[in-house]
Amino acid sequence: MTAPQEPDRSNVVWLGAPAFPEAARAALADSQLRANLKHATGTIRDKRLAVTAELDDWEQLREAGAALKRRTLRHLDHYLVQLEESVTRAGGVVHWAADAAEANAIVTGLVREAGAREVVKVKSMATQEIGLNEALAEAGIAAYETDLAELIVQLGKDRPSHILVPAIHRNRAQIRDIFQREMGRWGRPAPDGLTDDPRALAEAARLHLREKFLRATVAVSGANFAVAATGTVGVVESEGNGRMCLTLPQTLITVMGIEKVLPAWSDLEVFLQLLPRSSTGERMNPYTSTWTGTTPGDGPQNFHLVLLDNGRTATLADTVGRQALACIRCSACLNVCPVYERTGGHAYGSVYPGPIGAVLTPQLVGVEHAASLPFASTLCGACYDACPVKINIPEVLAHLRARVVEAERARHRLPTAEALAMTAAAGVLDSPRRLAAAQKAAALGSRLLARDGRIGALPGPLHGWTDSRDLPQPPAETFRAWWRRNREQP
Ligand code: SF4
């Protein structure tokens, strides 16, 4: 009998990264980081609110998006097979990858087959998730990110901190320093006397990238959607770098999570309204590129679509957790999350940060490998209100918290202190008599500890609760006692 295989987690969780509480503490101590995040998320939040308020049917659009995703996920097997047939008919080649290692091996093999030693890349969460750049580097192939924010992250040997704005944690001066220091090592150096003016930074990136676009024979992209009925794949972006990658090279390899499929072309009408307004606060994204297989003499002559599972079918099997697969990666939930705004994305230790990361990551890799993430939330519900496809993130968080507790219970032979406390609490709450006695004891005890109506610090293991907050002193008389005294006639 062979030993069960460890899931290939690649970049879904960053191996060696500290658990969220520890990483968050370090992030909170970085005042520059907090200032950068507050400014950036506040700006995008305001823009999103303004443009979504313009549409009278915004709520109906959200409903339509949610319903479409629900239906597609219910019949995912059917739509994926249909997509494969359509892409093949149009001249493309479809590959199925069960996990990151398989997807990386497929892409590496295809690049080698094309005789290339370098590729240009369109920003793609799926390729970050599988650690494709690292896998290509191991095979001696250089992968160049062409999205401005991804370029900043790559040159800075950094990790992305946001789904849409991976370099959100960097300010302009930091970006100028990275460009000056690193561009020359990767290709065309930054111009002399580069300032931190956004236009100058964008121009430096443009010049640096142009030579790569013109030289590359292979491009790798992600996909925002793929239409099963026609085999059309689509990418939306803001800088035009995507369009360069999708049209200039001879070979195009697209890596796409299997949940990105949509049944029909007309479904795009809904998502192309929801996505730009929710993500960048724009009415329409500047570049929408769609392609269907190959066309002789026009664009890439070889097209490969890699359909990636990597934990998605396991997620689909969970009737509550599967909601996370409806995500269109707009990042609206990150921008409204009070926890994300203060800690930034690195603290989540995953390629998927913020509220969506807190529910998606543990499901893709198994809750035991990201056990702190479902707790990285105040459950305030702002993410649910903002999500364009109505993913009930707080519901999934609570569901995953229960799974983490169950997994912990199964791991420990002896009950943990938390489990003992919960058992005791259940016993007290189960009996009105015991609850009344406990309330009386709490009121008596609190008189010894309270000052000016507040308990500053609880003794023993309970101090964890009061370390960072005051506890109001329980009232001398409980509501039940008051009720009995005033309303229950003898
Ligand atoms: S969970 Fe919703 S709000 Fe968050 S990134 Fe996904 S689609 Fe956007």
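The values are calculated or read from the model by the stated rules, or taken from the named source; none is laboratory data. Every value quoted in this text rests on a predicted model; they were computed, and no experiment measured them. Please note: Cβ atoms are built from the backbone with ideal geometry, for glycine as well, and neighbour counts cover all protein chains shown. What goes into the accessible areas is simple: the full protein's heavy atoms, side chains included, and nothing from ligands, DNA or RNA. Shrake-Rupley method; radii C 1.70, N 1.55, O 1.52, S 1.80 Å.
Annotations for the structure displayed:
- Whether a residue is under 30 Å from residue 366 (Cβ atoms) and either open to solvent by 100 Å² or more (accessible area, probe 1.4 Å) or at pLDDT 85 or above (or both) was assessed, and residue 409 passes this test.
- The lone criterion from (1) free of Cβ contacts under 8 Å to residues at least 60 places away in the same chain; (2) surrounded by fewer than 24 Cβ atoms within 10 Å (Cβ to Cβ) left unmet by residue 358 is number (2).
- For residue 315, the requirement of being among the β-branched types (Val, Ile, Thr), modelled with pLDDT of 95 or more, surrounded by 16 or more Cβ atoms within 10 Å (Cβ to Cβ) and within 16 Å of the ligand (Cβ to nearest atom) is met.
- Matching residues, the stretch 419-439, being within 24 Å of residue 470 (Cβ to Cβ) and in contact (Cβ under 8 Å) with a residue 12 or more places away in the chain: 439
- Single unsatisfied condition, residue 272 versus (1) crowded, with 24+ Cβ neighbours inside 10 Å; (2) within 16 Å of the ligand (Cβ to nearest atom); (3) of a type in the set (A, V, I, L, M, F, W, C): (1)
- Residue check for residue 89: of a type in the set (Lys, Arg) and farther than 22 Å from residue 293 by Cβ: no
- Cβ-Cβ distances below 8 Å connect the following pairs, each with a first residue in the stretch 185-211 that is over 20 Å from residue 119 (Cα atoms) and polar (S, T, N, Q), a second residue that is at pLDDT 95 or above and in a helix (DSSP H, G or I), and a separation of six or more residues or different chains: 195/176.
- Set side by side, the residues 387, 380 differ, and just one is within 16 Å of the ligand (Cβ to nearest atom) and either open to solvent by 50 Å² or more (accessible area, probe 1.4 Å) or over 29 Å from residue 361 (Cα atoms) (or both), which is 380.
- Residue list for the stretch 437-455, restricted to those being farther than 24 Å from residue 427 by Cβ and assigned to a helix (DSSP H, G or I): 447, 448
- Scanning the stretch 73-102 for residues that are of a type in the set (Val, Ile, Thr) and farther than 15 Å from residue 308 by Cα returns 87, 88.
- Pairs where the first residue, in the stretch 230-244, is more than 23 Å from residue 94 (Cα to Cα) and the second is open to solvent by 10 Å² or more (accessible area, probe 1.4 Å) and aromatic (Phe, Trp, Tyr), C-beta under 8 Å, 6+ apart: 237/287; 238/287; 239/287; 240/287; 241/213
- Restricting attention to the stretch 325-358 and to residues that are in a helix (DSSP H, G or I) and near the ligand (Cβ under 8 Å from one of its atoms), the residue that is farthest from the chain's Cα centre (by Cα) turns out to be 326.
- Residue match in the stretch 280-302 (condition: part of a helix (DSSP H, G or I) and either without any contact (Cβ under 8 Å) to a residue 12 or more places away in the chain or open to solvent by less than 20 Å² (accessible area, probe 1.4 Å) (or both)): no
- All helices (runs of 4 or more DSSP H) inside the stretch 14-99 with 3 or more residues being at pLDDT below 95 and open to solvent by 80 Å² or more (accessible area, probe 1.4 Å): 31-53
- The set of residues in the stretch 360-403 being farther than 18 Å from residue 325 by Cβ and basic (Lys, Arg) consists of 401 alone.
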